[in-house]
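Worksheet for the structure shown next.
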Amino acid sequence: MKIYTKTGDQGETSLIGGTRVPKYHLRIETYGTIDELNSWIGLIRDQMTDNSQVQELLYIQDRLFTIGSLLAADPEKSKMKLPTLSIEDCEILEKTMDRMDEELEPLKSFVLPGGHPLVSQIHIARCVCRRAERLIVHLQKEAETDPIIAIYLNRLSDYLFMLSRLTAKNLNAVESPWTPRL
């Protein structure tokens, strides 16, 4: 199977189910952002030394591939059996965040992203995740979309924030609180 098909050379692509849409279509922008997020998480995973965190991130990457496949399918025309996302996937993130929270000092203010390159990369992934969530919410207004996707992305951005804090702690990086000038 060749990687290039030449079918997208005129600025259109196919959804699963055969529907042709422009490459700027909201559905394409949405799953492209999920792909970007997945790549950031891969970069973060490559730098993790804790095997349990590596496994968590691999699981999250799997879930993001599932989301991408759900978004790449035309809900009206696709007959292909696709992987599923469930509320249990959200609950896994919640339980993981609860465990992280037990290791962290209580948050008393907003935290400025930074302190270590890995922490900064996690914050970038969190921002990409928030953008993906906004795009999903927009897509839900225009097309049939599984509502669990937006819920999962909301939890995932929270997870990434918690991961940034825990990573900063584990690396002895300075967490800089935001102190607003009033």
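The values are calculated or read from the model by the stated rules, or taken from the named source; none is laboratory data. Just so it is clear, the structure is predicted and the values come from calculations on it, not from any experiment. Reconstructed Cβ throughout: ideal geometry from the backbone, glycine too, with neighbour counts over all protein chains shown.
Return the total of residues in region 154-166 being touching a residue at least 60 places away in the same chain (Cβ under 8 Å) and either farther than 10 Å from residue 113 by Cα or within 14 Å of the chain's Cα centre (by Cα) (or both). Total satisfying the criteria: 7.
Of the residues screened, residue 82 is not one that is crowded, with 18+ Cβ neighbours inside 10 Å, closer than 26 Å to residue 137 by Cα and of a type outside the set (Ser, Thr, Tyr).
Based on what the data block shows, is residue 88 closer than 20 Å to residue 136 by Cα, loosely packed, with under 12 Cβ neighbours inside 10 Å and in contact (Cβ under 8 Å) with a residue 60 or more places away in the chain? The answer is no for residue 88. Residue count for region 95-119 under the criterion of being of a type outside the set (D, E, K, R) and exposed (fewer than 15 other Cβ atoms within 10 Å of the Cβ): the result is 7. Under the condition of being buried (at least 16 other Cβ atoms within 10 Å of the Cβ) and either modelled with pLDDT of 95 or more or aromatic (Phe, Trp, Tyr) (or both), the residues counted in region 170-182 number 2.
Checking the structure you have, find out if any residue of region 43-61 is closer than 20 Å to residue 144 by Cβ, part of a helix (DSSP H, G or I) and aromatic (Phe, Trp, Tyr). No, region 43-61 contains no residue that is closer than 20 Å to residue 144 by Cβ, part of a helix (DSSP H, G or I) and aromatic (Phe, Trp, Tyr). Contact annotation: residue pairs with Cβ atoms under 7 Å, 6 or more positions apart or on different chains, pairing a residue in region 9-22 that is surrounded by 14 or more Cβ atoms within 10 Å (Cβ to Cβ) with a partner that is among the acidic types (Asp, Glu), are 15/74; 16/74; 17/74; 19/74; 21/12.
For region 63-75, state whether one or more residues are of a type in the set (D, E, K, R) and in contact (Cβ under 8 Å) with a residue 40 or more places away in the chain. Checked region 63-75: at least one residue is of a type in the set (D, E, K, R) and in contact (Cβ under 8 Å) with a residue 40 or more places away in the chain.
Against the definition (surrounded by fewer than 13 Cβ atoms within 10 Å (Cβ to Cβ) and either hydrophobic (A, V, I, L, M, F, W, C) or on the phi < 0 side of the Ramachandran plot (or both)), how does residue 55 come out, yes or no? When the stated conditions are applied, residue 55 passes them. Only a single criterion out of (1) closer than 14 Å to residue 37 by Cα; (2) of a type in the set (A, V, I, L, M, F, W, C); (3) free of Cβ contacts under 8 Å to residues at least 60 places away in the same chain is not satisfied by residue 119, namely (1).
Residue-by-condition table, conditions (1) within 30 Å of residue 71 (Cβ to Cβ); (2) at pLDDT 95 or above:
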residue	(1), (2)
104	no, yes
110	no, no
120	yes, yes
124	yes, yes
135	yes, yes
146	yes, no
159	yes, yes
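Surrounded by 11 or more Cβ atoms within 10 Å (Cβ to Cβ) and either within 23 Å of the chain's Cα centre (by Cα) or in contact (Cβ under 8 Å) with a residue 40 or more places away in the chain (or both): does that describe residue 49? Answer is no for this residue.
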